[in-house]
1. Would you be able to tell me the number of residues in region 1-45 that are out of contact with any helix residue (DSSP H, G or I) (no Cβ under 6 Å at 6 or more places or on another chain), farther than 19 Å from residue 76 by Cβ and of a type outside the set (Lys, Arg)?
2. From the residues in region 94-114 that are out of contact with any Ser or Thr (no Cβ under 7 Å at 6 or more places or on another chain) and open to solvent by less than 60 Å² (accessible area, probe 1.4 Å), which one is nearest to residue 26 (Cα to Cα)?
3. Among the residues of region 41-50 satisfying the criterion of being surrounded by fewer than 19 Cβ atoms within 10 Å (Cβ to Cβ) and of a type outside the set (D, E, K, R), which is farthest from residue 2 (Cα to Cα)?
4. Just a yes or no: is a residue in region 83-93 over 17 Å from residue 2 (Cβ atoms), touching a helix residue (DSSP H, G or I) at 6+ places or on another chain (Cβ under 8 Å) and surrounded by 12 or more Cβ atoms within 10 Å (Cβ to Cβ)?
5. Could you list, in sequence order, all residues of region 1-40 that are at pLDDT 95 or above, open to solvent by 20 Å² or more (accessible area, probe 1.4 Å) and basic (Lys, Arg)?
6. Might you let me know whether region 51-64 holds any residue that is touching a Lys or Arg at 6+ places or on another chain (Cβ under 7 Å) and open to solvent by 60 Å² or more (accessible area, probe 1.4 Å)?
Amino acid sequence: VQLQASGGGLVQAGGSLRLSCAVSGRILSINSMAWSRQAPGKQRELVAQLALGSPPHYGDSVKGRFTISRDNAKRTTYLQMNSLKVEDTAVYYCHILNGRTSYWGQGTQVTVSS
């Protein structure tokens, strides 16, 4: 199972970016799709999570600005990030949960300039 994240880049504060994460490989079901991030010198934090049959969950710092979605047919999850702030600068990782097994992508850099 592989996760390929894309869409990161450099954006000015107040701007928007859309991250995508495509899942490939043999996997029967994806219970949960999520995004986490890690800024330099900080712990990794959960940004958004979307589990089957449940409403999306967001970290407090991104509520109202970020939106997670998923396309089950394409086995892809998206993270729409609006009103970006300098403090959103981090490496963003997508990850999924299949039963008790989690899989992580390689990460994509998001840099927000002031």
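The values are calculated or read from the model by the stated rules, or taken from the named source; none is laboratory data. Values in this document were obtained by computation on a predicted structure and should not be read as measured data. Methodologically, a virtual Cβ is constructed for each residue, glycine included, from the backbone with ideal geometry; neighbour enumeration extends over all protein chains shown. The accessibility values were calculated without ligands, DNA or RNA, using every heavy atom of the protein model including side chains. Shrake-Rupley method; radii C 1.70, N 1.55, O 1.52, S 1.80 Å.
1. 11
2. Once the filter is applied, the top-ranked residue is 99.
3. 41
4. Scanning region 83-93, I find no residue that is over 17 Å from residue 2 (Cβ atoms), touching a helix residue (DSSP H, G or I) at 6+ places or on another chain (Cβ under 8 Å) and surrounded by 12 or more Cβ atoms within 10 Å (Cβ to Cβ), so the answer is no.
5. 18
6. Initially, region 51-64 is screened for residues touching a Lys or Arg at 6+ places or on another chain (Cβ under 7 Å), giving none.
Looking for residues that are touching a Lys or Arg at 6+ places or on another chain (Cβ under 7 Å) and open to solvent by 60 Å² or more (accessible area, probe 1.4 Å), one finds none in region 51-64, hence no.
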